[in-house]
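**Student:** If you scroll down you'll find the structure; I have some questions about it.
The values are calculated or read from the model by the stated rules, or taken from the named source; none is laboratory data. As the structure is a computational prediction, the values presented were derived from the model and not from experiment. Here the Cβ positions follow ideal geometry from the backbone for every residue, glycine too, while neighbour counts run over all protein chains shown. When the accessible area is computed, the model is the full protein with side chains, heavy atoms only, and any ligands, DNA or RNA have been set aside. Shrake-Rupley method; radii C 1.70, N 1.55, O 1.52, S 1.80 Å.
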Amino acid sequence: MSFTGKYELQSQENFEPFMKALGLPDDQIQKGKDIKSISEIVQDGKKFKITVTTGSKVLHNEFTIGEECEMEMLTGEKVKAVVQMEGNNKLIANLKGLKSVTELNGDIITNTMTMGDLTYKRISKRI
């Protein structure tokens with residue numbers, strides 16, 4: 001199953017408390033909470049390019065499954081991570097105390113991020 005495509009955010013849970021815990025300033029949280037972000041994923045075998053556009057903020061990450069890479073977090077901080085694939089539709093990454101699981105089911109991508117006992121969930125649909 002290929003992740004390649006463009007996805008628009010449909011819904012999210014726990015956005016504000018999660019972003020506060022990450023250390024994002026309140027004004028950025030307020031601006032970002034109602035914006036429908038667009039994620040563009042290009043998959044070429046084990047190589048991935050992911051671009052998430054939220055308003056004027058663009059987050060761009062590239063990685064190869066199983067290899068260490070540098071990823072930019074929502075705060076702008078760059079951290080080293082290794083992304084693993086489970087089955088053919090689930091990507092798992094651990095970034096500095098944050099676990100990210102991205103699962104593709106048909107045209108729906110569910111991204112769940114967990115930090116301690118706080119979970120943030122985003123559901124996006126292919127457009």
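**Student:** Under a point-charge model restricted to the Cβ atoms of Lys and Arg (+1) and Asp and Glu (-1), what is the dipole moment magnitude of the chain relative to its Cα centre, in debye to the nearest 20?
**Tutor:** Using Cβ point charges on Lys, Arg, Asp and Glu, the chain gives about 160 debye.
**Student:** Exposed loop sites here are trypsin sites (Lys or Arg not before Pro) in DSSP loop states with at most 14 other C-beta atoms within 10 Å. What is the longest stretch of the chain lacking them?
**Tutor:** Maximal segment without exposed cleavage sites: 47-95.
**Student:** Roll a 1.4 Å probe over the protein chains and send me the accessible area per residue for the chain in Å².
**Tutor:** On the way: 7160 Å² over 127 residues.
Averaged over the residues of the chain, the accessible area is 56 Å².
**Student:** Calculate for the chain the 222 nm mean residue ellipticity that helices alone would give, adding -39,500 (n - 2.57) per DSSP H run of length 4 or more and normalising by residue count, nearest 500 deg cm²/dmol. Numbers along the way, then the final one.
**Tutor:** Details: 2 runs with 15 residues, N = 127.
That calculation yields -3000 deg cm²/dmol at 222 nm.
**Student:** Next question. Please give the net charge around GLU16, taking every other residue with its beta carbon less than 10 angstrom from that of GLU16, where Lys and Arg add +1 and Asp and Glu add -1.
**Tutor:** +1
**Student:** Continuing with the same structure: Just the C-alpha atoms of the range 1-102: what Rg/Rh do they give, with Rh taken as the Kirkwood radius? Don't jump to the answer; show the numbers that get you there.
**Tutor:** Details: Rg = 13.8 Å, Rh = 14.6 Å.
Ratio of gyration radius to Kirkwood radius: 0.95.
**Student:** When the chain is fully extended, how far beyond the present Cα-Cα distance does VAL101 get from LYS36, taking 0.36 nm per residue of separation? Could you put the intermediate results ahead of the total?
**Tutor:** Working: separation 65, 0.36 × 65 = 23.40 nm, distance 1.99 nm.
Between VAL101 and LYS36, full extension yields an extra 21.4 nm.
**Student:** Right, another one. Can you give the longest run of the chain that contains no GluC sites (Glu not before Pro) sitting in a DSSP loop with at most 15 other Cβ atoms inside 10 Å?
**Tutor:** Values: sites that count: GLU67, GLU77.
That gives 1-66 as the longest site-free run.
**Student:** Let me ask something additional. Going toward the positive end of the dipole of the range 5-126, with +1 on Lys and Arg Cβ and -1 on Asp and Glu Cβ, which of GLY45, TYR120, THR75 do you reach last?
**Tutor:** Value computed over the given set: GLY45.
**Student:** Quickly work out the LEU24-to-VAL58 label distance, labels modelled 7 Å from Cα along the C-beta direction, and quote it in nm with one decimal.
**Tutor:** Result: 1.9 nm between the two label points.
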